[in-house]
1. Of the numbered conditions (1) buried (at least 24 other Cβ atoms within 10 Å of the Cβ); (2) on the phi < 0 side of the Ramachandran plot, Arg111 fails exactly one; give the number of that condition.
2. Report whether or not Asp18 is of a type in the set (D, E, K, R), over 24 Å from Glu221 (Cα atoms) and either modelled with pLDDT of 95 or more or out of contact with any strand residue (DSSP E or B) (no Cβ under 7 Å at 6 or more places or on another chain) (or both).
3. Of all residues in the stretch 11-34, count the ones that are in contact (Cβ under 8 Å) with a residue 40 or more places away in the chain, open to solvent by less than 30 Å² (accessible area, probe 1.4 Å) and within 19 Å of Gly215 (Cβ to Cβ).
4. Every residue in the stretch 115-130 that is at pLDDT 95 or above and in a loop (DSSP other than H, G, I, E, B), please.
5. I'd like to verify a number: residues in the stretch 69-87 that are open to solvent by 10 Å² or more (accessible area, probe 1.4 Å) and either farther than 16 Å from Leu56 by Cβ or of a type outside the set (D, E, K, R) (or both), how many?
6. Starting from the stretch 170-187, keep only residues that are over 12 Å from Ala160 (Cβ atoms), then list their pairs with residues that are in a helix (DSSP H, G or I) whose Cβ atoms are within a distance under 8 Å, requiring at least 6 positions of separation or different chains.
Amino acid sequence: MAAPETASSSSSTAPNFDPLARIYRWMEYLSFGPMLERCRFHFLAECVDARRALVLGDGDGRFTARLLATNRDVQIDAVDSSAAMLAELRRRAQQTAGDAARLQTVNADLRSYSPARSEYDLVISHFFLDCLTDDEVADLIERILPHLTPDATWLVSEFAIPEKGWRRFGARLLVRFLYFAFNKMTRLHVRQIPDYSRVLAGNCFRRRECTRLLGGLLVSEVWQRTDL
């Protein structure tokens, strides 16, 4: 069985993703087919040597489950403000990995969360940072940074706006629609993708690898801490 969930205080204004927990995967497939999942798993091989991972907002837990199944030594702390999403994550981890004893879940608002443990050598944020503002991303990284190893890796998957061409116009319209839809479904009040690259680079992370999918609408990145 999975390790018991740790409760933590969260703001009443946090978006509510609980109603989407059971249908989130099918919403993805109906909207983007397998592309979001492909984006999440693109750099999974970068995680084979990780020993302690901090997973931020993994939704229904598909990446967490795959990481547990492919890396039999990693210990994972998965944090999410949605108790229903965490329940799906734990169920999927047990079903996929067959051993969720290395998983600890934390029900907390990541806009105020600080890790209770240290020495994380891997951070995962797949399609989560877009739920935060620039300032909230900066605050989150500032709180997490003291708990990371000097050479920690940070994997990011996100929506992106291509720099030029007709794809830029289409991507802007699509991202605007997605924010509108999630505002109606979850009360998410963020309206644009934060400049997380600037914040990571300003905190001694270097983007080591990057791949783009769907004409640049999706991006998967590997960031490496380099402050030593």
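The values are calculated or read from the model by the stated rules, or taken from the named source; none is laboratory data. Since this is a predicted model, take the numbers as computed values, not measurements. FYI the Cβ positions are ideal-geometry reconstructions off the backbone, even for glycines, and counts take in every protein chain you see. We work out accessible area using only protein heavy atoms, side chains counted, and drop any ligands, DNA or RNA first. Shrake-Rupley method; radii C 1.70, N 1.55, O 1.52, S 1.80 Å.
1. With (1) buried (at least 24 other Cβ atoms within 10 Å of the Cβ); (2) on the phi < 0 side of the Ramachandran plot applied to Arg111, the lone miss is (1).
2. Considered against the rule, which asks whether it is of a type in the set (D, E, K, R), over 24 Å from Glu221 (Cα atoms) and either modelled with pLDDT of 95 or more or out of contact with any strand residue (DSSP E or B) (no Cβ under 7 Å at 6 or more places or on another chain) (or both), Asp18 comes out as yes.
3. Summing the residues that are in contact (Cβ under 8 Å) with a residue 40 or more places away in the chain, open to solvent by less than 30 Å² (accessible area, probe 1.4 Å) and within 19 Å of Gly215 (Cβ to Cβ) in the stretch 11-34 gives 0.
4. Narrowing the stretch 115-130 to residues at pLDDT 95 or above: 115, 119-130.
Pro115, Glu119, Phe127, Phe128 - these are the residues of the stretch 115-130 that are at pLDDT 95 or above and in a loop (DSSP other than H, G, I, E, B).
5. Residues flagged as open to solvent by 10 Å² or more (accessible area, probe 1.4 Å) and either farther than 16 Å from Leu56 by Cβ or of a type outside the set (D, E, K, R) (or both) within the stretch 69-87 amount to 9.
6. If the second residue must be in a helix (DSSP H, G or I), the pairs left are Met185/Pro19; Met185/Leu20; Thr186/Pro19; Thr186/Leu20.
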